[in-house]
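Notes to accompany the following structure.
The values are calculated or read from the model by the stated rules, or taken from the named source; none is laboratory data. Only a predicted model underlies this, so the values are computations on that prediction, with no experimental measurement involved. Don't worry about glycine lacking a Cβ; one is built from the backbone with ideal geometry, like all the others, and counts go over all protein chains shown. Only protein heavy atoms, including side chains, enter the accessible area calculation; ligands, DNA and RNA are left aside. Shrake-Rupley method; radii C 1.70, N 1.55, O 1.52, S 1.80 Å.
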Amino acid sequence: MDSAMKHGLFAHQNTTAPKTEHVLPLFSLKGRTAIVSGAGAGIGLAVAQGFAEAGANVAIWYNSNKKALDRAADIEKEYGVKCGSAPTKFG
């Protein structure tokens, strides 16, 4: 039984606040890996950059935009994380 539910209803006061005085570390993705599709440009690229800025390593999947290879190198250099790209296989 999930502790969030009690007799089919949501239980109240079943969480505790993080014990920290700083908020920013709560948003850290250091040591995690994010996979982003369509990150060769546009919104996907911005999402990949955001994950990298938060400390995540990033895997970029792309269909036809081979600029994703260059964007992955740019992300590695700018944010100091590991970033690679690979084509997706649709169909």
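Show that you can apply the helix-only estimate: for the chain, add -39,500 (n - 2.57) for every DSSP H stretch of four or more residues, divide by all residues, and state [θ] at 222 nm to the nearest 500.
On the way: 2 runs with 25 residues, N = 91.
Taking each H run of at least 4 residues, the total per residue is -8500 deg cm²/dmol.
Using a basic spin-label model with each label point 7 Å from the Cα along Cα→Cβ, how many nm lie between Leu69 and Phe10?
Placing both labels 7 Å along Cα→Cβ, they lie 4.9 nm apart.
At 1.4 Å probe size, what's the solvent-accessible area of Leu45? Round to the nearest 10 Å².
30 Å²
What fraction of the DSSP beta bridges in the chain is antiparallel, stated in percent and rounded to the nearest 5? Could you put the intermediate results ahead of the total?
Details: 2 of 12 bridges.
In the chain, DSSP labels about 15 percent of beta bridges as antiparallel.
What percent does the relative contact order of the chain come to when contacts are Cα pairs within less than 8 Å and at least six residues apart?
Values: 132 pairs, mean separation 20.1, N = 91.
In percent, rounded to a whole number, it is 22.
Specify the residue with the greatest mean-square fluctuation among Ala11, Ala41, Ala59, computed from a Gaussian network of the chain linking alpha-carbon atoms under 10 Å apart.
Taking springs between Cα atoms under 10 Å, the residue moving most is Ala11.
Which of Ser64, Ser28, Ser37 moves the most in a Gaussian network model of the chain with Cα springs under 10 Å?
Ser64
Compute the normalised compactness of the chain: alpha-carbon radius of gyration over 2.2 N^0.38 Å, N being the residue count.
Details: Rg = 18.3 Å, N = 91, 2.2 N^0.38 = 12.2 Å.
Ratio of Cα Rg to 2.2 N^0.38 Å: 1.50.
Of the lysine pairs in the chain, how many meet both conditions: Cα atoms under 22 Å apart, and a spacing of 8 or more in sequence or different chains?
Total qualifying Lys-Lys pairs in the chain comes to 9.
Could you check which residue among Ala46, Ala54, Ala68 shows the biggest mean-square fluctuation in a GNM of the chain with a 10 Å Cα cutoff?
Evaluated over the chain, the most mobile residue of the options is Ala46.
Nearest 20 debye, what's the magnitude of the dipole of the chain about its Cα centre given +1 on Lys and Arg Cβ and -1 on Asp and Glu Cβ? Provide the component values of the computation, followed by the final result.
Numbers: 10 positive and 7 negative charges, 47 e Å.
Taking the Cα centre of the chain as origin, the dipole is about 220 debye.
Counting only protein heavy atoms, what percent of the accessible surface of the chain is carbon or sulfur at a 1.4 Å probe?
On the way: 4050 of 7140 Å².
Carbon and sulfur: 57 percent of the exposed surface of the chain.
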